[in-house]
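One structure is given below, encoded as structure tokens.
Nothing in this text is a laboratory measurement; each read-out follows from the coordinates by a stated rule. Bear in mind the structure is a predicted one, so any value in this text is a computation, not a measurement. Please note: Cβ atoms are built from the backbone with ideal geometry, for glycine as well, and neighbour counts cover all protein chains shown.
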Amino acid sequence: MRRCLPAALAVLCSGVMLLVDGVWQPGYWVKSAVKLLLFLAVPLLYGRFDRSLRLAALFCPSRRGLPRAIALGAAVYALILAGYFLLRGVVDFSPVLSNLPAGVTKDTFLWVALYISFVNSLLEEFFFRGFAYLSLAGRMRGAFLFSAVLFALYHTAMMLGWFPLPIFLLALAGLTAGGGLFNWLNARDGAIWTSWLVHMCANFAINTVGMLLFAQA
């Protein structure tokens, strides 16, 4: 039973954040504070109870995967921007701006973008790749897929209303694949730094698209 507790806790925290995003919908900084509590404080508190998780080791940097992570990050950045420029004549991206969290405006977007790129990406990597994958890989079958799917499902509430259903499902599949890629990057090093760099680049690209949309609005 104890072996399954981290997985159950990961599902519970993700589910609460889905409700925060999809139902409560507070201002962005309130939501970020709740996310810090659920995705950082709760796993760290549980780690004090279950010392076998060794959560502190997830933050140990490794130079071995750095060149690969930088190359993949640059490729992901270019791919996301290329996808936007290819699809902007076909897909209406205007709902993205109208469905942003409360408090995120053209004037505040730069600060939100910096927080998302540097802090939020690290927080999600610790929770989904560290707590929900690396710490479970030795104690639960299917931890790789569990983490990738949980990562994708967590983003559903914030993407609702952004795109038509086919594009939404494509984005969901892409998030699952991205979660799998992040898991693969971390599996060799046993730490979250390599996936964090790639995740950061992906967020840089998405935020670049956001800035382009605001400039055109």
In square nanometres, what is the average projected area of the Cα convex hull of segment 2-216? 11.5
Is any residue of segment 107-143 close enough, with backbone N under 15 Å, to a label point placed 7 angstrom from the Cα of D50 along the Cα-Cβ axis, and if so, which? 127-143
Once label points are set 7 Å from the Cα along Cα→Cβ at both L36 and V119, what is their separation, rounded to one decimal in nm? 0.5
DSSP H helices in the chain with Cα extent of 27 Å or more along the helix axis and mean Kyte-Doolittle hydropathy at least 0.5? 66-87, 165-189, 193-216
For the pair A57 and I70, how long in nm is the line joining their label points, each one 7 Å along Cα→Cβ? 2.8
Using the Cα centre of segment 2-216 as the reference point, and only Cβ charges (+1 on K/R, -1 on D/E), how large is the resulting charge dipole? Debye, rounded to the nearest 20. 820
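Pulled fully out, how much extra length does the chain show between W29 and T156, if you take 0.36 nm times their separation in residues and subtract their Cα-Cα distance? All intermediate terms of the calculation are to be shown ahead of the outcome.
Working: separation 127, 0.36 × 127 = 45.72 nm, distance 1.94 nm.
Result for the pair: 43.8 nm of gain on full extension.
Once you wrap a convex hull around the alpha carbon atoms of segment 124-163, what is its projected area averaged over all directions, in nm²? Please list the in-between numbers first.
On the way: hull surface 11.6 nm².
The Cα convex hull of segment 124-163, projected and averaged over all directions, gives 2.9 nm².
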